[in-house]
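The block underneath contains the structure these notes are about, expressed in structure tokens.
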Amino acid sequence: MLNEACTYVIFGATGNLSRVKLMPALYHLEMENRLPEGSKILAVGRRDWGNDKLIAEVREMIEAKARGGIDEELFKRFSARLSYSKVNIDVAADYLKLAQELNDNGHYPSNMAFYLAISPEYFADVIEKLSNAQLLEESSGWRRMIIEKPFGYDLESSQALQKRISRYLKEEQIYRIDHYLGKGTVQNVLVFRFANIMLEPIWNRHYIDHIQITHSEEMGIGSRADYYDNAGAMRDMLQSHLLQLLTLVAMEPPASMDAESLRDEKVKVLKSIRPIPKQAVNAYASRAQYSEGIVNGEKVKGYLQEENVPPDSVTETYAAMKLYVDNWRWRDVPFYLRTGKRMAKGQSSISICFKQPPLQFFQDTQVQCMNPNWLLLGIQPEECIRMEMTVKEPGLEMRTRTTSLDASFRNKNETHTDAYEDLLLDVIEGDRSLFLRFDEVEYAWRIVDPILQKWAVERDFITTYPAGSWGPKECQRLFETDKQYWRSSLTAPKCN
Ligand code: BG6
């Protein structure tokens, strides 16, 4: 598709997200020839940088991430698009200067995407000030606003934020990012489900016992205490990324792949989730915090010893919950979601456990190994779709073992593109299907709000788990039966 030239204006361009994700993604789009000719990138920040300093910094950002190392010719082409503007985001006059710069000299294409890679408390103020400086008005080209998560802190604050920004922006101008939707393996969940008919007849409560969605990290919170200690794992990962994964697994086939049809189906799933009553929170959710331990052979600090974490913090670094989607397809099938920092292994996966077949057929044989069928969708780092089946062991006896059918996602020579590349390109193309509509965000908050409210008042104590483990033992209690257990490995289990 031939896109018109545009200007990417990145607020918070000197910060971490820009360093680790945005600049490398834009460079890779350059590499793929996907940045329309004449497009520019205006980096906006509080620091006293000039263009030369920006380019030197961006070079470092890219050196650290570029596929196949930095290519000098390509970097020259890319850096010709870059410039820096110092803006204090609290100062209205700085936006007028910014507007002048963007409008006046014909250097910047008038289709503009504003990326707010800044602390969420500034979202509404920046949008208001951009609007006051006439920068959101679309008379000479499109204006799009990309907002990072978290969108609000809970249901009420997300509604207040929405109310405020919708004074200045139409919904079509708002691109709420959930970077999980930009991951190829996540998009593959939809392709796998809706481009193959084989699984559809069994993709429901009659054949599926339960579904697990796990995101675990070996990393701790690093230098993000200021943000993380106020957020916690439930807000940081579950309310956003993991609920999005759940919608893709549970949704009905959309009428088409256009943004509204897709998002309508996702909202239907979120709306069908059985509300968790406040008094039953403990039966549906579990939280914990890492204490010191060993990750990858190295001794690491506990959460309370991390830089800038208050010594009495009860913020959860691990959260798990059980949900039911009350519709015809899923009624009474538990969905178990969990996430944690400083866990035994970094991995994201969706594990679908099917029901056991009736066993009578094997009753008088030596068959002992009858694991249920699992379908494992590895999101990262292992990218796979694996169906575990029971087969006969070779030999004279009637013994069985578990084997798996693999539908691998990537061939050896195929490159890995980062989620942000996909999403930054979608913004240029005006495709909002992988961005969140406000009602999705709103319903996601509705689901977790009772849990957050209960946790907010119970602040005396939090269970701990040693760093490098799979989380607290007590979260086993979320399971409906003692046959269910957290599936942490993507390799077929041995028979006991
Ligand atoms: C971010 C969270 O949204 O997602 C981080 O704020 C988390 O805490 C990250 O580490 C995980 O993303 P990914 O792509 O590394 O799995």
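When region 170-215 is filtered for residues that are near the ligand (Cβ under 10 Å from one of its atoms) and among the acidic types (Asp, Glu), only 178 remains. The condition of being within 23 Å of residue 149 (Cα to Cα), out of contact with any Leu (no Cβ under 6 Å at 6 or more places or on another chain) and in contact (Cβ under 8 Å) with a residue 40 or more places away in the chain holds for only one of 293, 232, 302, that being 232. Which condition does residue 321 not pass, out of (1) within 16 Å of the ligand (Cβ to nearest atom); (2) part of a strand (DSSP E or B), if it passes all the others? So the condition that residue 321 fails would be (1).
Of all the criteria given as (1) surrounded by fewer than 20 Cβ atoms within 10 Å (Cβ to Cβ); (2) in contact (Cβ under 8 Å) with a residue 12 or more places away in the chain; (3) away from the ligand (no atom under 16 Å from the Cβ), the one not satisfied by residue 345 is (3).
Which of (1) within 24 Å of residue 428 (Cβ to Cβ); (2) surrounded by 17 or more Cβ atoms within 10 Å (Cβ to Cβ) does residue 155 not meet, given it meets every other one? So the condition that residue 155 fails would be (1).
Look at residue 338 and say whether it is out of contact with any Lys or Arg (no Cβ under 6 Å at 6 or more places or on another chain), farther than 25 Å from residue 286 by Cβ and not β-branched (Val, Ile, Thr). Judged against the criteria, residue 338 is not a match.
At least 1 residues being under 30 Å from residue 100 (Cα atoms) is the threshold, and among the helices (runs of 4 or more DSSP H) wholly inside region 121-226 those reaching it are 123-132, 155-165. Looking across region 374-402 at every residue that is farther than 19 Å from residue 356 by Cβ, crowded, with 19+ Cβ neighbours inside 10 Å and among the hydrophobic types (A, V, I, L, M, F, W, C), the one that is farthest from the ligand (Cβ to nearest atom) is identified as 385.
For region 216-226, residues that are more than 8 Å from the ligand (Cβ to nearest atom) and closer than 17 Å to residue 314 by Cα total 3.
Screening residue 416 against (1) within 16 Å of the ligand (Cβ to nearest atom); (2) outside any loop (DSSP other than H, G, I, E, B); (3) farther than 25 Å from residue 209 by Cα leaves a single unmet condition, (2).
Consider region 27-56 and keep the residues that are small (Gly, Ala, Ser), in contact (Cβ under 8 Å) with a residue 40 or more places away in the chain and touching a strand residue (DSSP E or B) at 6+ places or on another chain (Cβ under 8 Å). The one that is surrounded by the most Cβ atoms within 10 Å (Cβ to Cβ) is 43.
Computed from the coordinates by the stated procedures, all read-outs in this text should not be read as laboratory data. Bear in mind that the values here come from a model prediction, so they are computed numbers and not experimental data. Because the Cβ atoms are built from the backbone with ideal geometry, glycine has one as well, and the counts that use them run over all protein chains shown.
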